[in-house]
Amino acid sequence: EVLMALGPGIDRATADLLVSARETQPFQAIGDFRAFPLLLGRPLLSDGLVTESRWFALNMHASVGASTFAARSRLARAGPGQITLLDRQRGFFDD
């Protein structure tokens, strides 16, 4: 959905192909993404895009015997080796 939001130039099939391609050859820079042959000539919104993230989701699920623990956390990278916990939820989730 995120890739399709970049403009009418990316439909579901194109987005799926991009995801498959990045698994074998990740995009190191936005220029690499824009130059990908499948995207050439397609209208895309690329201002402000980056190839890395500072925000992450951590989903945990642990079972010991009959006891189960589940938690979701949102994390932010402030700099090298600096991770901040933004929030955490505990309980049962429908994923």
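The values are calculated or read from the model by the stated rules, or taken from the named source; none is laboratory data. Since the model is a prediction, treat every value here as computed from it, not as a measurement. For neighbour counting, all protein chains shown are included, and Cβ atoms are generated from backbone atoms with ideal geometry for every residue, glycine included. Surface areas here come from the heavy atoms of the whole protein model, side chains and all, with no ligands, DNA or RNA. Shrake-Rupley method; radii C 1.70, N 1.55, O 1.52, S 1.80 Å.
Yes/no per residue for (1) touching a helix residue (DSSP H, G or I) at 6+ places or on another chain (Cβ under 9 Å); (2) charged (D, E, K, R):
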position	(1), (2)
3	yes, no
8	no, no
14	yes, no
25	yes, no
32	no, yes
39	yes, no
57	no, no
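The residues in region 1-41 that are assigned to a loop (DSSP other than H, G, I, E, B) and out of contact with any Pro (no Cβ under 8 Å at 6 or more places or on another chain) can be counted, and the count is 14. Of all the listed residues (85, 58, 44), the sole one being at pLDDT below 90 and of a type in the set (A, V, I, L, M) is 44. Look through region 73-88, keep the residues that are of a type outside the set (A, V, I, L, M, F, W, C) and in a strand (DSSP E or B), and return whichever of them is farthest from residue 53 (Cα to Cα). Checking each candidate, the answer is 88.
Of all the residues in region 5-18, those that are open to solvent by 50 Å² or more (accessible area, probe 1.4 Å) and either under 15 Å from the mean Cα position of the chain (by Cα) or closer than 13 Å to residue 49 by Cβ (or both) number 2. Just one of (1) among the polar types (S, T, N, Q); (2) surrounded by 10 or more Cβ atoms within 10 Å (Cβ to Cβ); (3) more than 30 Å from residue 90 (Cα to Cα) fails for residue 24. It is (2).
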